[in-house]
Amino acid sequence: MTTPSSKAQGSGVPAATPDTAPDPAPTPSRRRWLILAVASAAQFLAVLDMIAVNIAFPAIGADFRSASTAELSWVLNAYTIVLAALLVPAGRLADAIGGRRSFLTGIALFGLASVACGAAPGLGTLIAARVVQGVAAAVLVPTSLSLALPAFPPRERATAVGVWTAVSAVAASAGPVAGGLLAALDWRWIFLVNPPVVLLAWVAGLRLLPRTGPVRTGPVRTGPVPGERRRLDPLGTLLVLLGTGALTTACVEAADWGYGAPATLGFLAVGLIAGALAVAHVRRHPDPVVDPALFRTRAFTAATLGLLGYFLAYAASILAATLLFTGAWGWSSARAGLAVTPWPLTVLVVSMLSGRIVRALGERTTAVVGGLCFAAGPVWWLLLAGGDGAHYAVEFMPGLVLTGVGAGLYQPVMFSAAGLLPARQLSLGSGVLMMSRQGGSALGVAALVMITGGAARPGLDALRAGWVFTAVTAALAAVAGAALRTGVRVDPGENGGSGTDPLRHH
């Protein structure tokens, strides 16, 4: 008699094991869209605050005139570095104590930190409050996705992540406008508008989010069983924090410190050494902060690498567009902001339709097409973008639309890979994917600054070299999308499997 497991083995596809099998498909909840709305609100705040503060940077500097530019930059960098460094440990913590509790704690902490930022009497206090905001955002972002995904059946998850992605696009597009308007009144309002939204999200989360308890595990290598709490992994957590924090700091500060400066090379060395030690540690620890079993799921590994490549291309593309508009073309910041708008608007529209597209094409095809569409944008600019911007609608805007289509197709499929993991690892898996996003973004900016020589107004030739970089990295993201495996079966006799892979084509 042929079983699904024997079919998988015969085709070279490994049968699911207790550590890697996804949990059964959930029964659709009538409240699932409200749960998604609450989760998306947290994502909106985290993204909006990061972008709006960038726009308000000159206004903040005007209030703290005695501070140097390097000191002021930590108002931006403290949030970015802490967020990137804590995503994985925060995801693991959320799995250990329960996603609902973690989310409610994170959103409350974000609101309190926002009040502290808005009321900060000095630069040191503001930077400290931004560190706390980064901690809160690191808790919120992976937890929001891990709470939303289980509420949806597998066939709706691409749609759900598409909405979640679209909310990020709205925040990204609204950030410059909101930051500019609020900074014109007082930069402190950028932070003080958060608490009412936080309060509403906290109350809604208290009423809507499913109750989840702490994960428990049994003896070494036997998987989760009732009765024993997960072991703590303080050394692994410290190594992950040190590695990601040092590497992110090197990427963020390299342009100011110098790419060959001792500080930059020192942070890179610390990050690489800590990363190597972390890899060795998690392979030996009975219940490590990052379970290597996560990467035995081929689609999850492909999504992690693909998102790293995609956000390398994304961050470099956005910065290159801004430098082209304000530098080579001599446009004002306001005009440059409006010129980028077709990109997030396209992401918004395509993301909302991504569920239907995935059902029509399948996850693998959708991801490949998305990555190639994104790569086509910088190729368009390479071929057509001129030196005066007189024909923006023909020379540049079609490339923005192409990258927007690519983003709207690619992100929902790849972030949906978190749904492949068991419920006990959803927050951790989401944290790993978000770390790919943050790390890729930091590396993308650093790479473009290095390619353009750090010039505030780089020439067209330097920007063309940057577009080659973004086209190549987006194409590599498409290759990672091609590695997604669809239609993998799970033996229904094992672990209560539902018989389907959450990332298969329906």
Seminar exercise, completed: In nm, the gap between the two label points placed 7 Å beyond Cα toward Cβ at Ala482 and Ala261 is 4.1 nm
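Just subtract the alpha-carbon distance of Thr125 and Thr341 from 0.36 nm times their residue separation and send over the number in nm, one decimal. Working shown, then result.
Numbers: separation 216, 0.36 × 216 = 77.76 nm, distance 3.40 nm.
Once the chain is fully extended between Thr125 and Thr341, it gains 74.4 nm.
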Exercise. At a Förster distance of 51 Å, what's the computed FRET efficiency of Leu460 paired with Leu206, Cβ-Cβ distance as r, to 0.05?
Worked result: 0.40
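Kindly rank 59-65, 147-153 from highest to lowest mean number of other beta carbons found within 10 Å of each residue.
147-153, 59-65
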Problem set entry | Net charge of Cβ neighbours under 15 Å - reference Ser114; Lys, Arg +1; Asp, Glu -1 | 0
For this session: Restricting things to alpha carbons, tell me how big the range 91-136 is in terms of Rg and Dmax, in Å.
Result: 12.3, 37
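Per residue, how many Å² of accessible area does the range 279-357 show with a 1.4 Å probe?
Working: 3220 Å² over 79 residues.
Result: 41 Å² of accessible area for each residue.
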Problem set entry | Spin-label model distance (nm) - Ile273 vs Arg359, 7 Å beyond Cα toward Cβ | 5.4 nm
For this session: Rank-order 315-322, 238-245, 409-416 by packing density, defined as the average count of other C-beta atoms within 10 Å over each peptide's residues, highest first.
Result: 409-416, 315-322, 238-245
Problem set entry | Segment Ala390-Ala334, length gained on full extension (0.36 nm per residue, minus Cα span) | 18.4 nm
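If packing is taken as the average number of other Cβ atoms within 10 Å across a peptide's residues, how do 305-311, 357-363 rank, most packed first? Don't jump to the answer; show the numbers that get you there.
Details: 305-311: 25.6, 357-363: 19.7.
Highest to lowest by the protection proxy: 305-311, 357-363.
The values are calculated or read from the model by the stated rules, or taken from the named source; none is laboratory data. Bear in mind the structure is a predicted one, so any value in this text is a computation, not a measurement. Because the Cβ atoms are built from the backbone with ideal geometry, glycine has one as well, and the counts that use them run over all protein chains shown. What goes into the accessible areas is simple: the full protein's heavy atoms, side chains included, and nothing from ligands, DNA or RNA. Shrake-Rupley method; radii C 1.70, N 1.55, O 1.52, S 1.80 Å.
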